[in-house]
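Report on the structure given below.
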Amino acid sequence: MLAAFSITPIGTGESVGDQVTTAVRVIRDSGLAYRTAASFTEIEGEWDQVMGVIKAATDAVLAESDRCSIVIKADIRPGRTNTLHTKVESVERRLAE
């Protein structure tokens, strides 16, 4: 499973960098393959692993704020691994043609 998600603290003011850092620390410490970009983090693993990390990151943000919003987009392809990298490589290969 490859999931792109964002966890946005609500009610903490304009800057949410501290809470985002808390979430990314949980994701990093999970040991799963991930990539953080400006608006979303992508994470790859088995369903229960990925959803467990998203829940743990959400709980960590909620420990610092009273409310949050979560957006999750998932690509589930049984038997596929390393899609975090291979999907991008596929597009890059096509661009090079």
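Name every residue in the range 48-80 that is more than 12 Å from the chain's Cα centre (by Cα) and loosely packed, with under 12 Cβ neighbours inside 10 Å, in order of residue number.
Asp48, Ala63, Asp66, Arg67, Ser69, Ile76, Arg77, Pro78, Gly79
Being within 17 Å of Thr8 (Cβ to Cβ) and not aliphatic (A, V, I, L, M) is the filter; apply it to the range 28-47 and report the residue that is surrounded by the fewest Cβ atoms within 10 Å (Cβ to Cβ).
Once the filter is applied, the top-ranked residue is Ser39.
With the requirement that a residue be open to solvent by 30 Å² or more (accessible area, probe 1.4 Å) and touching a Ser or Thr at 6+ places or on another chain (Cβ under 9 Å), what does the range 2-13 give you?
Those that are open to solvent by 30 Å² or more (accessible area, probe 1.4 Å) and touching a Ser or Thr at 6+ places or on another chain (Cβ under 9 Å): Thr8, Ile10, Gly11, Thr12.
Can you work out which of the residues in the range 1-37 that are acidic (Asp, Glu) and part of a helix (DSSP H, G or I) is nearest to Val71 (Cα to Cα)?
Ranking the qualifying residues of the range 1-37, first place goes to Asp18.
Going by the conditions given, is Val16 under 14 Å from the mean Cα position of the chain (by Cα) and open to solvent by less than 60 Å² (accessible area, probe 1.4 Å)?
no
The values are calculated or read from the model by the stated rules, or taken from the named source; none is laboratory data. Everything numeric in this text was worked out from a predicted model, so none of it was measured. Here the Cβ is made from the backbone with ideal geometry for all residues, glycine too, and neighbour counts use every protein chain on show. We work out accessible area using only protein heavy atoms, side chains counted, and drop any ligands, DNA or RNA first. Shrake-Rupley method; radii C 1.70, N 1.55, O 1.52, S 1.80 Å.
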